[in-house]
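Visitor: Here it is, the structure in full.
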Amino acid sequence: MKAIRVSEYGGPNVLKLEDIPTPQVGPGQVLVRNHAAGVNPVDTYLRSNTDNRGPKLPYTPGGDTGGVVEAVGSGVTSVKAGDRVYVGGTLSGAYAELSICNEAQVHPLPGNASFAQGAGVNVPYATAYHALFHRAHGEAGESVLVHGASGGVGIASVQLARARGMKVIGTAGTERGLKLVAAEGAHHVLDHTKAGYLDEVTKLTNGQGVNVVLEMLANVNLQKDLEVIAMGGRIAVIGNRGNTEINARSAMNKNAAILGVALFNTTPAQLVGLHAALVEGLANGSLRPIIAVEIPLKDAARSHEVVMEAGHHGKVVLVP
């Protein structure tokens, strides 16, 4: 089969299309024929061995796909050959024509969702759900500020928060992004390229501040978040690209919590509930992954450039 392989850590150019043996399904495993594979910023960090977390070489990147079950191993009962599925993690990598997964990594893809949308579920929506509900404990009636709300995780956060009954304030940096965030359910949208844009948060919350902040670029915004958070508010840090300095007294004065978010820290029990909620959201239409661009698998290097560009709208996917 065709697959992208990484044989050395480095820039996007280390992503190479190769012919490799088709993986064989084992007990408790599922073989999925991928119709689309999701590209996420974390894929670029692993490729470049950021924080020394790069996988053992060589490897096939990615963990998110949308496709059809090709075969199942002994003991598998939740899916069968021919089922439409989305994949949340693989054993063999996602940037490939086929992927081997554990049964627990494969989830039903409702008929109203495309394969590209299926590839856009796991990392964006699972991360948003984990941040919003497991870590920040967002509740109906509370307010949430979503930074970078036009990106994959941002759109997922807006849709999930709105479905839960939260008041949603989203930010974006382009006219197209602002319109997208509004269309996906944000009650208010702010242009984060304008000076003092966060002053509007205080006004929109009647001077109380927001209960929850979902932070995609903590090295730029964290101190500002502390200035607009409500008493007892929670800041969930989903993204960061450098060191930052804060005045800890800002957190002390508001009993505010700064919470790290990493999807790989979710427990098995959390993942079961999380994916049950995501499947239902896809089925009832409250969750609608937005696809920004579909790129041929052979051009995976370009996908890693696109996914890290500022101001992209929605999800980047590869098509085998």
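The values are calculated or read from the model by the stated rules, or taken from the named source; none is laboratory data. Please read these numbers as outputs of a predicted model, since none were measured by experiment. Glycine also receives a Cβ, built like all others from the backbone with ideal geometry; neighbour counts cover every protein chain displayed. SASA here: full protein model, heavy atoms, side chains in, ligands and nucleic acids out. Shrake-Rupley method; radii C 1.70, N 1.55, O 1.52, S 1.80 Å.
Visitor: Is it fair to say Gln208 is under 18 Å from Glu139 (Cα atoms) and open to solvent by 40 Å² or more (accessible area, probe 1.4 Å)?
Guide: yes
Visitor: Specify the residue that is farthest from the chain's Cα centre (by Cα); the eligible residues are those in the stretch 261-282 that are without any contact (Cβ under 8 Å) to a residue 24 or more places away in the chain and not in a helix (DSSP H, G or I).
Guide: Thr267
Visitor: Can I ask one more? Could you tell me whether Arg249 is free of Cβ contacts under 8 Å to residues at least 60 places away in the same chain, open to solvent by 70 Å² or more (accessible area, probe 1.4 Å) and either farther than 30 Å from Leu318 by Cβ or under 19 Å from the mean Cα position of the chain (by Cα) (or both)?
Guide: When the stated conditions are applied, Arg249 passes them.
Visitor: Any residue at all in the stretch 309-320 that's open to solvent by 40 Å² or more (accessible area, probe 1.4 Å), in contact with an Asp or Glu (Cβ under 7 Å, 6 or more places away or on another chain), outside any strand (DSSP E or B) and not aliphatic (A, V, I, L, M)?
Guide: Within the stretch 309-320 (the criterion being open to solvent by 40 Å² or more (accessible area, probe 1.4 Å), in contact with an Asp or Glu (Cβ under 7 Å, 6 or more places away or on another chain), outside any strand (DSSP E or B) and not aliphatic (A, V, I, L, M)), the answer is yes, since at least one residue qualifies.
Visitor: Inside the stretch 2-21, can you point out the residues that are touching a Leu at 6+ places or on another chain (Cβ under 8 Å) and either loosely packed, with under 14 Cβ neighbours inside 10 Å or closer than 23 Å to Gln117 by Cα (or both)?
Guide: Answer for the stretch 2-21, where residues must be touching a Leu at 6+ places or on another chain (Cβ under 8 Å) and either loosely packed, with under 14 Cβ neighbours inside 10 Å or closer than 23 Å to Gln117 by Cα (or both): Lys2, Ala3, Ile4, Ser7, Glu8.
Visitor: If you check Thr267 against the conditions, is it open to solvent by less than 30 Å² (accessible area, probe 1.4 Å) and among the polar types (S, T, N, Q)?
Guide: no
Visitor: Quick one: which of Leu31, Leu91 is within 12 Å of Val106 (Cα to Cα), hydrophobic (A, V, I, L, M, F, W, C), open to solvent by 20 Å² or more (accessible area, probe 1.4 Å) and in contact with a Cys (Cβ under 9 Å, 6 or more places away or on another chain)?
Guide: Details: Leu31 fails: open to solvent by 20 Å² or more (accessible area, probe 1.4 Å).
Of Leu31, Leu91, the one residue that is within 12 Å of Val106 (Cα to Cα), hydrophobic (A, V, I, L, M, F, W, C), open to solvent by 20 Å² or more (accessible area, probe 1.4 Å) and in contact with a Cys (Cβ under 9 Å, 6 or more places away or on another chain) is Leu91.
Visitor: I'd like the full set of residues that are touching a helix residue (DSSP H, G or I) at 6+ places or on another chain (Cβ under 6 Å), part of a loop (DSSP other than H, G, I, E, B) and not charged (D, E, K, R), limited to the stretch 227-241.
Guide: Our first condition is that a residue be touching a helix residue (DSSP H, G or I) at 6+ places or on another chain (Cβ under 6 Å); within the stretch 227-241, this holds for 228, 235-238, 240-241.
Subset that is part of a loop (DSSP other than H, G, I, E, B): 238, 240-241.
Once the filter is applied, which keeps residues that are touching a helix residue (DSSP H, G or I) at 6+ places or on another chain (Cβ under 6 Å), part of a loop (DSSP other than H, G, I, E, B) and not charged (D, E, K, R), the stretch 227-241 yields Ile238, Asn240.
Visitor: Do you know which residues across the stretch 135-150 are touching a Leu at 6+ places or on another chain (Cβ under 8 Å) and over 23 Å from Ala182 (Cβ atoms)?
Guide: Once the filter is applied, which keeps residues that are touching a Leu at 6+ places or on another chain (Cβ under 8 Å) and over 23 Å from Ala182 (Cβ atoms), the stretch 135-150 yields only Arg135.
Visitor: Quick one: what pairs do we get from the stretch 38-50, first residue among the basic types (Lys, Arg), second buried (at least 18 other Cβ atoms within 10 Å of the Cβ) and at pLDDT 95 or above, C-beta under 6 Å, 6+ apart or different chains?
Guide: Arg47/Val6
Visitor: Kindly state which helices (runs of 4 or more DSSP H) lie completely within the stretch 92-205 and contain at least 1 residues that are of a type in the set (Gly, Ala, Ser) and either under 17 Å from the mean Cα position of the chain (by Cα) or within 30 Å of Arg47 (Cα to Cα) (or both).
Guide: The qualifying helices (runs of 4 or more DSSP H) are 115-119, 152-164, 175-183.
Visitor: Considering each residue of the stretch 155-185, count those that are closer than 14 Å to Val213 by Cβ and either open to solvent by less than 10 Å² (accessible area, probe 1.4 Å) or among the polar types (S, T, N, Q) (or both), and give that number.
Guide: 8
Visitor: Is at least one residue of the stretch 38-46 open to solvent by 10 Å² or more (accessible area, probe 1.4 Å), over 12 Å from Pro61 (Cα atoms) and hydroxyl-bearing (Ser, Thr, Tyr)?
Guide: no
Visitor: If you go through the stretch 214-226 one residue at a time, do you hit one that is within 30 Å of Gly88 (Cα to Cα), in a strand (DSSP E or B), open to solvent by less than 20 Å² (accessible area, probe 1.4 Å) and of a type outside the set (Ser, Thr, Tyr)?
Guide: Yes, the stretch 214-226 contains at least one residue that is within 30 Å of Gly88 (Cα to Cα), in a strand (DSSP E or B), open to solvent by less than 20 Å² (accessible area, probe 1.4 Å) and of a type outside the set (Ser, Thr, Tyr).
Visitor: Can you name every residue in the stretch 48-70 that is outside any loop (DSSP other than H, G, I, E, B), open to solvent by 30 Å² or more (accessible area, probe 1.4 Å) and under 20 Å from Asp19 (Cβ atoms)?
Guide: Within the stretch 48-70, Glu70 is the sole residue that qualifies.
Visitor: Hey, another quick one. Restricting the first residue to the stretch 113-142 and requiring it to be within 30 Å of Ala256 (Cα to Cα) and touching a residue at least 12 places away in the same chain (Cβ under 8 Å), which pairs with a second residue that is assigned to a loop (DSSP other than H, G, I, E, B) and among the small types (Gly, Ala, Ser) meet a Cβ separation below 6 Å and a spacing of at least six or different chains?
Guide: Going by the 6 Å Cβ cut-off, the qualifying pairs are Leu132/Gly138; Ala140/Gly165.
Visitor: Does Ala81 count as open to solvent by 30 Å² or more (accessible area, probe 1.4 Å) and of a type in the set (Gly, Ala, Ser)?
Guide: In short, yes.
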